[in-house]
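Engineer: Sending over a structure as structure tokens; questions will come in a sec.
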Amino acid sequence: MIDESKQDLLIQYLLNELDSSTAEKIGDELQANAELRDFVRETEDALASMACGWPPMKAPAGLPQRILQQERNLAKGLTSRSRARIVQLVLPWALAACLAVVCVVLAMERTSLEKKTEQVSQELLSLQQKNSRFEEELTMLQKKNARLEQDFATQQKKNVLAELKIATLKAQVAAYRSASAVVVWDKDQESGVLQLDRLPPPATGRDYQLWVIDPKIAQPVSAGVLSVPNAGLIRTSFHPVSPIESAAAFAISLEKAGGAPKPEGQIILVGK
């Protein structure tokens, strides 16, 4: 129920007889109170009916301007209140929407980062697997290289042995049958090693001399005088005094002290 004082204010509001402050307050109440709005609407209808029943009258001076101004003030007040209300209603949703957008963007960035991390992990795993294969291949190559080096060393030994000539000298005189002599000859180096055993020392004024027999050379080539201080095991190296193309045989003779340029004494050991 609307009291009389409020009804008077509403009628004055309709007639634009209130000051701007009071009119604005009444406008706010109308926005909030449906009963007041119904009263104002019914009053407007009643005034309109009464106006239609009166004979036409000339409008007071300035009335159209006051009506227009009242409409502008009302529209302005409604616009300001509407905007404030819209802001109150929309702002939380706008903030929530912005937060949702930020969450979506962060989620997308996180998903992208996770994908990149997974991709990097897969690439790292692939590199580790490749490195493992490379290490296995390197190990295999190292083993293969070791076998090749071993085979090469074995082949070198075989080649060296193939280039060596081993000759066992046999006694040509009964007094030296217990003696043994072995010659190992390296044709590439044109040198050799002589091993003697149980060869008795020569008599005073005599020396043993080693000879290399080359079929292409008319005379045996001297390989030096041998030092035989006792009948034990003796090993010594030797070099012919002139180049040898092919060592076909070896001989030891008993010569005068200091040796001879060609065999002059008795040949006691020969072998090929």
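The values are calculated or read from the model by the stated rules, or taken from the named source; none is laboratory data. The structure displayed is predicted, hence computed values, not measured ones. Heads up, the Cβs are rebuilt from the backbone with ideal geometry, glycines too, and the neighbour counts pull from every protein chain shown.
Engineer: What are the pairs, 6+ residues apart or on separate chains, where a residue within segment 1-12 that is closer than 13 Å to V40 by Cβ has its Cβ under 9 Å from a residue that is aromatic (F, W, Y) and modelled with pLDDT of 80 or more?
Structural biologist: That search, which allows pairs on different chains as well, returns I2/F39; K6/F39; Q7/F39; L10/F39.
Engineer: Collect the residues in segment 236-267 that are over 23 Å from A175 (Cβ atoms) and out of contact with any Ser or Thr (no Cβ under 6 Å at 6 or more places or on another chain), keeping them in residue-number order.
Structural biologist: The answer is S237, F238, P240, S242, P243, I244, E245, S246, A247, A248, P261, K262.
Engineer: Just to confirm my filter: which strands (runs of 3 or more DSSP E) fall fully inside segment 204-266 and include at least 3 residues that are surrounded by fewer than 17 Cβ atoms within 10 Å (Cβ to Cβ)?
Structural biologist: The qualifying strands (runs of 3 or more DSSP E) are 234-238.
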